[in-house]
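Okay, structure first, notes after.
The values are calculated or read from the model by the stated rules, or taken from the named source; none is laboratory data. All values reported here derive from a predicted model rather than from experimental measurement. Glycine gets a Cβ as well: all are built from the backbone with ideal geometry, and neighbour counts include every protein chain shown. Side chains are part of the model used for accessible areas, which takes the heavy atoms of the whole protein and leaves out ligands, DNA and RNA. Shrake-Rupley method; radii C 1.70, N 1.55, O 1.52, S 1.80 Å.
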Amino acid sequence: HEEAVTELVAAQSNLSYKQLPLRLYQVTRKFRDEPKPRFGLLRSREFYMKDMYTFDASEEAARQTYDLVCPDGHFAANVETLNGEQTSCPTCGEKLTQTRGIEVGHTFYLGTKYSSVSNAIFYSPENKPQLAEMGCYGLGVTRILAASIEVLSTEDSIRWPSLIAPYQLCFIPPKRGSKEEEEEGAALLERVYDDLAEVLPDLADDSVLDDRTQLTIGKRLKDANKLGYPYVVIAGKRVCEDPPVFEVWNQNSSEVLFLTKEGVIELLSKVQVP
């Protein structure tokens, strides 16, 4: 939406250099006629984009803004758009290297391409009208989900950064009619939750109970893997021991621990709740 945003700034008739730099943001739903949508999420035809449009008083200031937003490296391009004869960086002359990446955003230094058309000006210290120097930056918000899945997940489980995990913690009680249920396994698991709520209320609020007790623990654990809860606490066979022992899955490290109630609370106390 470069044109619309530039028109908006151009409509400000008395914009002063003192009001620059300007950083204007929007989040909007976008559609793209992708010929081959990939992975269901990454290159879908519909996605949400967070855009930033910047207006600076000089080319130097605009390029400083650009460097501030994407500081690593001088040059990057997709193989499809790269000139086949170009083998070195146009800025520093170093040889270009090819690496795999996931496209989640774009950055552009625009200069006065749009401000000159819309006459988006500001007044300099000498009170003279000057064209604003622009940049635009787009981040595919929903593509972050797909990028996370592609980078972090394994063949049979999704792994999320904690910031976008659906819940930090999943509790799985015993199967209905099982020996573990007869031994009050569900009540013992509930006490773990109660103690957790007392000590770590934020984590307790970020947890879910899989109460589909007609299903086996294995089936529910498989679903938990697919949904990507970072931690899963299970009242399994060892809940019948004295003291009761719970099975705890740390999904991000594929680690399985067998802990008493106190051990579970101690482990979870280290979890960073977003």
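Look through the range 229-260, keep the residues that are over 18 Å from residue 159 (Cβ atoms) and among the charged types (D, E, K, R), and return whichever of them is least open to solvent (accessible area, probe 1.4 Å).
The residue in question is 247.
Hey, among the residues in the range 73-90 that are open to solvent by less than 70 Å² (accessible area, probe 1.4 Å) and among the hydrophobic types (A, V, I, L, M, F, W, C), which one's farthest from the chain's Cα centre (by Cα)?
89
Within the range 146-178, how many residues turn out to be touching a helix residue (DSSP H, G or I) at 6+ places or on another chain (Cβ under 7 Å) and either assigned to a helix (DSSP H, G or I) or open to solvent by less than 70 Å² (accessible area, probe 1.4 Å) (or both)?
15
Looking at 58, 116, which one is open to solvent by less than 60 Å² (accessible area, probe 1.4 Å), farther than 30 Å from residue 149 by Cα and not acidic (Asp, Glu)?
Exactly one of 58, 116 is open to solvent by less than 60 Å² (accessible area, probe 1.4 Å), farther than 30 Å from residue 149 by Cα and not acidic (Asp, Glu), namely 58.
What single numbered condition from (1) surrounded by 11 or more Cβ atoms within 10 Å (Cβ to Cβ); (2) under 15 Å from residue 115 (Cα atoms) fails to hold for residue 3?
(1)
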